[in-house]
Amino acid sequence: MECFNGIIHKALKQGEKLGVYLILRFQKTRAKYITVSNGETDEMSYNEAGGIGIQAFTKDGGCGFASTEKIDEESCLKMVNMAANIAHQVDKRGGKQNKEIFKVPAIKDIINADVKYPFDYLTIEKEEAYLLSLNKEIITQYNSMENSIAIETLYKSIEDQWRIVRSDGTDVTYNIPRTVVSNLITAKGVNTATTRAAISGSDASLLIDTEKRNRLIKRTKNSCKLAINLLKSPKIKGGSYKIVLDYALAKGLAHEAFGHAVESDGMKTSILGNEKGFLKKGEEVASPIVTIIDESIEGDYAYQPYSANGVKRDRVKIVDKGILVGALADVFSAEEAGVSITGAGRAESYRHIPLPRMSNIRIEVENSIPTTRDIEDITPEELYKILVESNLAAEDEEVLYLVGYKGGQVKPSQGEFVFNCSGIYMLKEGCSLYQPAIFSGKVLSALKSITAAIGPLKLDAQGTCGKAGQSVPSSGGAPYFILLEANKDVIIGGE
Amino acid sequence: MEYIKNLENKIKEYMVKSKGELQIKGWYYGANKNTSIKIGLKNNQLGGAYSCPRAEESIRGKIYIIWNDDRRSIAILQSNTARNFDKMVELWRRASYVEIEGADIYAAQKYPQVKLFDEEVNHLIYSDQDYLFELLDEYKNEFGSNGINDVNGSVSASSFQQYICNSKGLRICNRSTSFSTFILGDDIYGRSFISRKKICKPKKQQIIQDSITRINQLKTRIKISGGEMEVLLLPQVMESFIQHYLLNNLNGSNVVNKRSIFSLDNFNQEVEAIRKDMSLCINTITDYNQGSYISTFEGVPGGEAFLIKNGKLKTPILDLKHGKKANRKATPVPAGKGSIQFYSNDMVTLQEAIEQMDKGIIVCDLLGMHTQDPTSGNYSLTSPNSIYVENGRVIGGCKAVISGNIFKDLRSQHTKLGKINFEEIPFALIKSKVTGEK
């Protein structure tokens, strides 16, 4: 990114001349995508892209934005002029002004993420060969006379490089390597059902390292079995139940119920903001054994060490022993939300304006019941046994076990959130399987129902988080399983 | 355009034998040069750090290459691609793959005439940006005078120069525009609009008035008890069902790769998928529709095609590759708003539909559509904002969770579709299982 020094110097000079403060965001991306369908390569591509995003602020705080994918002096200066012109227009038209960026201290830093295998370690042909063998290995095991299985394997390996430069002298360079392999499984018999299994990280170790590869195979086999069993499973009766969530669904709970509701740009209308638009710090929002933390973790799929505004990203305790204590805040709305800046601003690309976002969000539960086994090896029957033996469920009690996160959504202003699973087990001797159904909850009470957890923390639940038309990588987790008591504000949608 | 000239010259350099394994046998590309402006309103205020006005210039597209040994490559095009072609072509070659039954380069004899460019929208970008600011002001004023305290919105105008070319002599070069806007009141209910033309006054009034009416209906909150009841899916909600369940299952790649509820045999046998009076078709040649175009990047002309006619499966949505695999003709592919038409031969009016609701809900929004399994047809979705109706009378806003199977619904004799003025997609009245908060 050093090659941009000349352009940066001229752009900052131009900003000065036009009376604006600039944030320059340079992005360069390399990406490899491979899709394998039912034992054959469906598509494969290598792409390089990049560009510059320019945010300009007048002295009064009027703001304008312009972007171009041409990283050259002429295009950059043209966009500086455009952004500055827009910013002045905003002032003239009485638009919202924001001068917070002027208060942030300048910083210089270069961070190179530590990866075991660099982006070019494997050729794309080698990666294709790994994926073909993985796809074929599984698909041949699950096709039968009665049912057929289709598997689409998606591989995405991306290396983003960012350089954030501000008029105050800030100059931060960092890279974000990320890789994911996911298998989309469709079973067909009398009905049709789809499930998913994935593993994510920062490099090609997902394909090379035996431990990770075996974990993906185990997860995919479990998902294949689940998809086949779903073909004949009924729908659950809608209502409120005692529920066990796996760690990926628990991540969904933290992400949808709390993560979005504490993003500082939405605090004015969020249910976790008060009438002044400040975070309701000190409010009891979860059971006292629950803590929620958001943290960028090196090696994780959603790693990002600095914000897209050039501010270091902090570890944020959002809920501490049931009490709301922190928010995910960026430069522009931290003060309005009555919280400190945590460097939470993220952007999908140079073309987008950064917004406060999560990275890796997790639920921690005190006194989680230990287990030495891998979560992938624990069957619903064994889980039921652990619950009964630990006095967490009575033998005749109705307890639902939801498996496999399929995404979620939230309306922070109304405090309503949902997420969906891949399947539901009624836990008992000889568990029965039901079709997936939506988990619909209320932010202010859902987390108060958490009463226990089983297993160690697992933080690799991977996803993509959408907000205001921008998608960014997300991840998180919890102990293997968390237990929620029946709560009238948590509804499982069903028949 | 110089970019296109340079790109073509570079491609031609690689069509000769001396390039060895880098020799290109066939190719197509599509590229869009885009200039756009977008203005936002957040919490009643124009601009701000998150929704500040923004301008963008870009060239973006896709290139597809058939190498001399029949391997294939696919890659994105950017402004820098022509300049870095020699480096990129080597990287593309390294990422090439074998495509069994890969499609050939295609060029049709005839392409449709379709109007895609609106001078008024173009004018908004280059000379009259006042209109964009005034529109947001109008939203704020209209909402504010109707008791709506918090207004969010945006408006954007874009102008494109599109090039679609291939090694069989196809040369399409055309201009198009796009205008889009959305409004959201009190973070409860909102509407959006997108077209190649500027929004007309009646449509603007409709989205403003519809939003005001619904927001006020939703503000009186009640809790409902569950059970099977009438569920009216407003057009924007029904559209998400069509996109998620019908189009996903009609997608050629999903059908060919067995990731759809429908098999190729189902299409060959014209199996009845939905009720006889209902049809679903693609239309990408209506003037000024956002989803209209002259040709796909592959060179397949825009046009009309029934996917489902009178309830029976007619064709999956097929690009060249999946058309070849399915042994069927490629079809136009949906490309955004207005390119899908869904209707019944027996449509009702909104008034008639509401009047026949003894007990039911009007679903104004849904959370979680993207989490549903399209292949099963099952849905289990939360609507934080539904309107409870009793004996044809609106009672108040409520939360509801709806569950069912959309394919069963679209086969049920009870289901009705209806048209609302200015709406492209119909509303649907279905019977569904509802879980309430009571």
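The values are calculated or read from the model by the stated rules, or taken from the named source; none is laboratory data. Since the model is a prediction, treat every value here as computed from it, not as a measurement. Counting neighbours? That spans all protein chains shown, and the Cβs are built from the backbone with ideal geometry, glycine included.
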Margin query: I'd like to know if region A:270-292 contains one or more residues that are closer than 23 Å to A:Ile23 by Cβ, more than 14 Å from chain B (Cβ to nearest Cβ), at pLDDT 95 or above and touching a Lys or Arg at 6+ places or on another chain (Cβ under 7 Å).
Written below: no
Checklist line | Yes/no for B:Ala353 being assigned to a loop (DSSP other than H, G, I, E, B) and either under 30 Å from B:Tyr64 (Cα atoms) or touching a strand residue (DSSP E or B) at 6+ places or on another chain (Cβ under 8 Å) (or both) | finding: no
Note to self: If B:Thr371 satisfies all but one of (1) crowded, with 17+ Cβ neighbours inside 10 Å; (2) touching a residue at least 12 places away in the same chain (Cβ under 8 Å), what's the number of the condition it fails?
What the structure shows: (2)
Check: Are any residues in region A:142-159 buried (at least 21 other Cβ atoms within 10 Å of the Cβ) and either outside the structural domain of A:Gly50 (by TED's automatic domain parsing) or at pLDDT 95 or above (or both), and if so, which ones?
Finding: A:Ala150, A:Ile151, A:Glu152, A:Thr153, A:Tyr155, A:Ser157, A:Glu159
Notebook entry, point to check: Restricting to region A:304-334, what's the tally of residues that are touching a helix residue (DSSP H, G or I) at 6+ places or on another chain (Cβ under 6 Å) and over 23 Å from A:Leu253 (Cα atoms)?
Noted result: 4
Next item on the list: Might you check whether a residue that is under 15 Å from the mean Cα position of the chain (by Cα) and closer than 29 Å to A:Tyr350 by Cα occurs anywhere in region A:317-327?
Entry: no
Check: Quick one: in region B:403-426, which of the residues that are in a strand (DSSP E or B) and away from every other protein chain (no Cβ under 14 Å) is farthest from the chain's Cα centre (by Cα)?
Finding: B:Lys416
Next item on the list: Out of B:Ala353, B:Ala305, B:Ala326, B:Ala335, report the one residue that is more than 19 Å from the chain's Cα centre (by Cα), of a type in the set (A, V, I, L, M, F, W, C) and in the same structural domain as B:Ala273 (by TED's automatic domain parsing).
Entry: B:Ala326
Note to self: For the structure I just gave you, tell me whether A:Ile454 is in contact (Cβ under 8 Å) with a residue 40 or more places away in the chain and in contact with a Cys (Cβ under 9 Å, 6 or more places away or on another chain).
What the structure shows: no
Notebook entry, point to check: Restricting to region B:329-356, what's the tally of residues that are in contact with a helix residue (DSSP H, G or I) (Cβ under 8 Å, 6 or more places away or on another chain) and of a type outside the set (Ser, Thr, Tyr)?
Noted result: 5
Notebook entry, point to check: Does region A:75-84 contain any residue that is more than 20 Å from A:Gly50 (Cα to Cα), outside the structural domain of A:Val311 (by TED's automatic domain parsing) and assigned to a loop (DSSP other than H, G, I, E, B)?
Noted result: no
Note to self: Among (1) closer than 22 Å to A:Tyr306 by Cβ; (2) modelled with pLDDT under 95, there is one condition A:Lys108 misses while meeting the rest; what is its number?
What the structure shows: (2)
Check: Can you name the residue in region B:269-318 that is of a type in the set (Val, Ile, Thr) and under 17 Å from B:Gln113 (Cβ atoms) and, of all such residues, is surrounded by the fewest Cβ atoms within 10 Å (Cβ to Cβ)?
Finding: B:Thr286
Check: Taking region A:424-447 only, how many residues are under 13 Å from A:Leu249 (Cα atoms) and more than 21 Å from the chain's Cα centre (by Cα)?
Finding: 3
Notebook entry, point to check: Take the residues of region B:62-92 that are surrounded by fewer than 20 Cβ atoms within 10 Å (Cβ to Cβ) and in contact (Cβ under 8 Å) with a residue 40 or more places away in the chain: which is nearest to A:Tyr46 (Cα to Cα)?
Noted result: B:Glu90
Notebook entry, point to check: Which of (1) within 14 Å of chain A (Cβ to nearest Cβ); (2) over 23 Å from the mean Cα position of the chain (by Cα); (3) part of a helix (DSSP H, G or I); (4) buried (at least 17 other Cβ atoms within 10 Å of the Cβ) does B:His244 not meet, given it meets every other one?
Noted result: (2)
Check: What residue, of A:Asn175, A:Asn81, is closer than 30 Å to B:Cys52 by Cα and touching a helix residue (DSSP H, G or I) at 6+ places or on another chain (Cβ under 9 Å)?
Finding: A:Asn81
Next item on the list: Answer yes or no as to whether A:Ala56 is over 26 Å from the mean Cα position of the chain (by Cα), modelled with pLDDT of 95 or more and either assigned to a strand (DSSP E or B) or within 8 Å of another protein chain (Cβ to nearest Cβ) (or both).
Entry: yes
Item checked: Test: residue in region A:240-259 that is within 14 Å of chain B (Cβ to nearest Cβ), under 22 Å from the mean Cα position of the chain (by Cα) and among the polar types (S, T, N, Q) -> no
Next item on the list: Quick one: which residue in A:Gly466, A:Gly441, A:Gly408 is without any contact (Cβ under 8 Å) to a residue 24 or more places away in the chain and in contact with a strand residue (DSSP E or B) (Cβ under 9 Å, 6 or more places away or on another chain)?
Entry: A:Gly466
Check: In region A:391-417, how many are farther than 15 Å from A:Ala254 by Cβ, crowded, with 21+ Cβ neighbours inside 10 Å and facing chain B (nearest Cβ under 7 Å)?
Finding: 3
Notebook entry, point to check: Which of the residues spanning region B:133-151 are surrounded by 14 or more Cβ atoms within 10 Å (Cβ to Cβ), outside any helix (DSSP H, G or I) and of a type outside the set (A, V, I, L, M)?
Noted result: B:Asn146, B:Asp150
Check: Where residues in region A:122-167 are of a type in the set (S, T, N, Q) and closer than 30 Å to A:Leu24 by Cβ, which of them is nearest to the other protein chains (Cβ to nearest Cβ)?
Finding: A:Ser157
Next item on the list: Exactly one condition in (1) surrounded by 17 or more Cβ atoms within 10 Å (Cβ to Cβ); (2) out of contact with any helix residue (DSSP H, G or I) (no Cβ under 7 Å at 6 or more places or on another chain) is not met by B:Val256; state its number.
Entry: (2)
Notebook entry, point to check: Which pairs do you get when a residue that is farther than 30 Å from B:Ser292 by Cβ and within 14 Å of another protein chain (Cβ to nearest Cβ), found in region B:93-119, comes within reach of a residue that is of a type in the set (Gly, Ala, Ser) and outside any loop (DSSP other than H, G, I, E, B), reach meaning Cβ atoms under 7 angstrom, with the pair 6+ apart or on two chains?
Noted result: B:Arg93/B:Ser73; B:Ala95/A:Ser45; B:Ala95/B:Ser73; B:Ser96/B:Ser73
Note to self: Given the options A:Ile8, A:Ile34, A:Ile71, name the one that is modelled with pLDDT under 95, over 30 Å from B:Leu41 (Cβ atoms) and not hydroxyl-bearing (Ser, Thr, Tyr).
What the structure shows: A:Ile71
Check: So which residues in region A:348-366 are more than 11 Å from chain B (Cβ to nearest Cβ), in a loop (DSSP other than H, G, I, E, B) and hydrophobic (A, V, I, L, M, F, W, C)?
Finding: A:Met358
Checklist line | Extreme residue, nearest to A:Glu495 (Cα to Cα), among residues of region B:382-402 that are among the hydroxyl-bearing types (Ser, Thr, Tyr) and within 14 Å of chain A (Cβ to nearest Cβ) | finding: B:Thr382
